[in-house]
Structure formats: C-alpha cells, structure tokens
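Encoded as structure tokens, the structure appears first; notes follow it.
The values are calculated or read from the model by the stated rules, or taken from the named source; none is laboratory data. Predicted model only: the values in this text are computed from it and were never measured. Counting neighbours? That spans all protein chains shown, and the Cβs are built from the backbone with ideal geometry, glycine included. Accessible surface areas use protein heavy atoms only, side chains included; no ligands, DNA or RNA. Shrake-Rupley method; radii C 1.70, N 1.55, O 1.52, S 1.80 Å.
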Amino acid sequence: MKRLRPLAQAASIAIHPLGVEELFGLFDPVFSRRQLRGVVTEVVRETPQSATIYFRPGYGWRTHKAGQWARIGVEINGVRHWRSYSISSAPGQHPSVTVTDIGEVSSTLVHNTRVGDVLFLAPAQGEFTLPEEARPLLMMTAGSGITPVMSMIRTLIPHQKTADVVLIHSARTEEDSLFVDELRALSAKFPGLRLVENFTGVSERFDMSTPAQLDAVCPDWRTRAAYVCGPEGFVSDAEALWTRSGTGAAGLTIERFHTELNAGEPGAGGLVTFELSDKEVEADGESTLLEIGEDAGILMPSGCRMGICHSCLTPLRAGQVRDLRTGEVHGEPGELIQTCVSAAAGSVNLGL
Ligand SMILES: Cc1cc2nc3c(=O)[nH]c(=O)nc-3n(C[C@H](O)[C@H](O)[C@H](O)COP(=O)(O)OP(=O)(O)OC[C@H]3O[C@@H](n4cnc5c(N)ncnc54)[C@H](O)[C@@H]3O)c2cc1C
Ligand code: FES
C-alpha cells in the first residue's frame, strides 16, 4: 500500500525537478487533480474479520447520499486494484468504508491499512438510497450487507423524530455482527428504530420461504419501503418472497455485493487482440476478458468486477463475447462491453 515519504520525496527534488502537482503533493498527500485520493485518518477494528477505514478525501470528492458506494483503489505489490465499498458513515460525517476480509484486496484493506496510507478513490455512486419522501422502512441485511444501511440509519435515526425503521439483521454470531453495540444503543434510545437480530450460528436462519416469519416480526412489511443487502442467496430469497407475496419486487430496493457468473463455454474462446496495447492472448471461453487482460499485464479499467458499476466498459472492435451472467452471445463493432462479465466467444478485438 502506498505510504507517505515526504522527506525522501523532498530530497529527490534536487535530482528530479517537480511539477506543480507533485510539489503540492509533498504537503498534502491527497492533492491531485488527476486522481481522486483519500488519506486514511483512522482504522477501527469492528470484528476479527472486518475494519472501518476513515479517510480524508481530497480534491473532487462530493458528499455521498446515504447508501451509496465508491470505488477504492489499493496498490498491492505495485499493481493498483479497484473494488467497490459502500460508505458506512452518514453524509456530512467523516467518510468511512467498512470492509470484511474475503479475498486479496479486502484482506489488505482490513489487516494492512494504517493511518497515513493513501487510498485511490472514485466519486460515490449508486441507487440504493433513501426514498425522496419519508416513509416507514424495512431494512433486511446479512453480514457485510449492513454497511450501506448503517449509513441510512445513522442519517435517519438520531435526526428525524418521525423515522420508522425496522431492521432485521443476520450475522453468524454476535461476535461477527457489524455495528452491534451501536445498533443496540440506537434502538434503545430512539423508538424510530426496531432491531431484530438473527444469529445463524446459534439459531435458525430467518425464513423467507413463506411470509410467516416476516408477518410475525413486522406485520405491516408489505406497506413499507424495503431495502435488502446481503449475500446472493439472502437477496434472491427476498426477491422471491416479495414476488410470490404479490407485493412485487418493485417495492424492494436491492444492493448486490457479488454476482454469480456461469462457467462459460470451455473451448469456445479464441484469440483476443488488445489493439492499443499491441498484444494477443489465446482465451479459453471461460475466463473473463478482464482477467485475461490483467494476466497479460494490460492496464484494464475495472471497479466492482461483477457487472454492476460499468467501470470496465471497453469498445469491442471485432468479434463477439459471451455474457457470463446470462450465457447470451452478443457484440457489434463499436459496442461497449463489460469485460468483467464477458468471455471471448471466438476471436475478439478490443480497443485497449
Ligand atoms: C456496490 C458494492 C458495494 C460493496 N460494499 C462492500 C462493503 O461495504 N463491504 C465489503 O466488505 N464489501 C463490499 N463489496 C464487495 C467488495 O467490492 C469486494 O468484492 C470484496 O471486498 C472482495 O474483494 P477481494 O478482492 O477481497 O476478493 P476477490 O479476490 O475479488 O474475491 C475472492 C472470492 O470471493 C468471491 N466474492 C467476492 N465478493 C464476494 C461477496 N461479497 N460475497 C461472496 N463472495 C464474494 C469472489 O467471487 C472470489 O471467488 C461491495 C461490492 C459492491 C459491488
Ligand atoms: S468492473 Fe464493474 S461492471 Fe465491470
């Protein structure tokens, strides 16, 4: 991860004269007009596998809406990796993300981030946000899915007397449960938050195969604006329940952190030509074009890596690709494709 070394940088001025950008960067690590950055100001351990990272954003950062997420870039062994993280603080508060260790980037963020580290940032975005007009809300979250909802709760509960939120949160154990103390304190202090906890390590999972359990804990759930965020199975169970109940998935606002991709077609790939990089790679028809490009050392734009954020859009110059979410083969010259969810379906030329 990038650390500040102002003395070493200052010493190098005599050898390599600095531009205005670099000179300001010596005094303020987040000063950059080219790349939005944030400097880590605090790291709070939340559970054994997760941490909240507070940062001071630099030039170009705009306050997020509660529930939105931002792309965070982290340098690991000299390679910048981008991932998406929901902002867990309320708008106007010190911005923070709460990361759970799942793989390479999250593990680095959770275990190796130190105060003073510089994170690369992209502006906050996303549609998982509070309704324009105040309404009774039902939030259903599991695991790290609580993070965008925590921003909403911090926004609403202490400040809006009329807030009416039922939060059903699942975690494996109390020890794994993010923000457990803060949520309990808020629900004890403010009648506008009713907290229903479900610890799947010690009791049954919240049952969404029928409406019975939801009817029992939140009888007016059908009339509330509902927000769901959690692992894929949890989110799709909620979607199915809302659809079956006749309430319709339209009453449900969903945030997915992960998309399951299909296996693709072994042997159905072909030669992938990265025209601007002057590189050719044989693709297997199963790997994503993003992985193939990265493995070939090409600087591939990316963000969520699961078809959500559109940061990886790349012009297709020739050939067709398979969408690994649906299996559909598509592609016209000039079409922008999402390399993170596309595999080669024959030979492909990309404008990268
Ligand atoms: C809109 C959005 C908001 C997000 N907000 C948060 C957040 O607030 N906190 C947070 O911790 N993460 C969040 N994520 C997930 C995050 O972007 C990364 O995907 C996650 O940290 C794993 O990245 P990695 O590099 O560590 O693991 P990778 O190396 O990318 O993945 C390791 C393995 O885990 C699988 N995987 C990746 N993510 C998940 C997942 N969420 N559930 C199950 N399997 C997964 C991958 O398919 C792979 O097999 C969010 C994702 C999106 C799209
Ligand atoms: S990286 Fe987000 S859609 Fe491809």
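Could you pull out every one of the strands (runs of 3 or more DSSP E) wholly within region 251-341 that has 1 or more residues that are on the phi > 0 side of the Ramachandran plot?
Details: elements: 252-256, 271-274, 279-282, 313-323, 336-338.
In region 251-341, the matching strands (runs of 3 or more DSSP E) lie at 313-323.
Of all positions in region 301-308, none carries a residue that is over 12 Å from Leu324 (Cβ atoms), away from ligand 1 (no atom under 14 Å from the Cβ), of a type in the set (Gly, Ala, Ser) and crowded, with 19+ Cβ neighbours inside 10 Å.
Report yes if Leu241 is within 16 Å of ligand 2 (Cβ to nearest atom) and over 22 Å from Leu178 (Cα atoms), otherwise no.
no
A search for C-beta distances below 7 Å between a residue of region 334-352 that is within 16 Å of ligand 1 (Cβ to nearest atom) and any residue that is part of a strand (DSSP E or B) and of a type in the set (Ser, Thr, Tyr), counting only pairs 6+ apart in sequence or on different chains, returns Thr339/Thr314.
Could you list, in sequence order, the residues of region 91-101 that are more than 8 Å from ligand 1 (Cβ to nearest atom) and open to solvent by 10 Å² or more (accessible area, probe 1.4 Å)?
Result: Pro91, Gly92, Gln93, His94, Pro95.
All of Thr200, Thr259 fail the test of being modelled with pLDDT of 95 or more and of a type outside the set (A, V, I, L, M, F, W, C), apart from Thr200.
Of the residues making up region 318-349, those that are of a type outside the set (A, V, I, L, M) and within 11 Å of ligand 2 (Cβ to nearest atom) are Arg325, Gln338, Thr339, Cys340, Ser342. Taking the conditions exactly as written (more than 30 Å from Arg305 (Cβ to Cβ), surrounded by fewer than 16 Cβ atoms within 10 Å (Cβ to Cβ) and touching a residue at least 12 places away in the same chain (Cβ under 8 Å)), does Ser209 satisfy them or not? Judged against the criteria, Ser209 is a match. In region 107-119, the qualifying residues are those that are over 18 Å from the mean Cα position of the chain (by Cα) and either open to solvent by less than 40 Å² (accessible area, probe 1.4 Å) or closer than 23 Å to His310 by Cα (or both), and the one that is farthest from ligand 2 (Cβ to nearest atom) is Gly116. Is it fair to say Phe179 is more than 30 Å from Gln35 (Cβ to Cβ), within 16 Å of ligand 1 (Cβ to nearest atom) and at pLDDT 95 or above? The answer is yes for Phe179. Just to be sure before I move on: is Glu104 near ligand 1 (Cβ under 9 Å from one of its atoms), of a type outside the set (Gly, Ala, Ser), loosely packed, with under 15 Cβ neighbours inside 10 Å and over 25 Å from Asn198 (Cβ atoms) in the structure I sent? Yes, satisfied. May I ask you to list the residues in region 75-90 that are aliphatic (A, V, I, L, M) and near ligand 1 (Cβ under 9 Å from one of its atoms)? Hit for region 75-90 is Ile87, nothing else. Filtering region 123-141 to residues that are within 30 Å of His81 (Cα to Cα) and either charged (D, E, K, R) or open to solvent by 10 Å² or more (accessible area, probe 1.4 Å) (or both) leaves Pro123, Ala124, Gln125, Gly126, Glu127, Thr129, Leu130. Out of Cys218, Cys312, one residue alone is of a type outside the set (Val, Ile, Thr) and surrounded by fewer than 21 Cβ atoms within 10 Å (Cβ to Cβ). It is Cys218.
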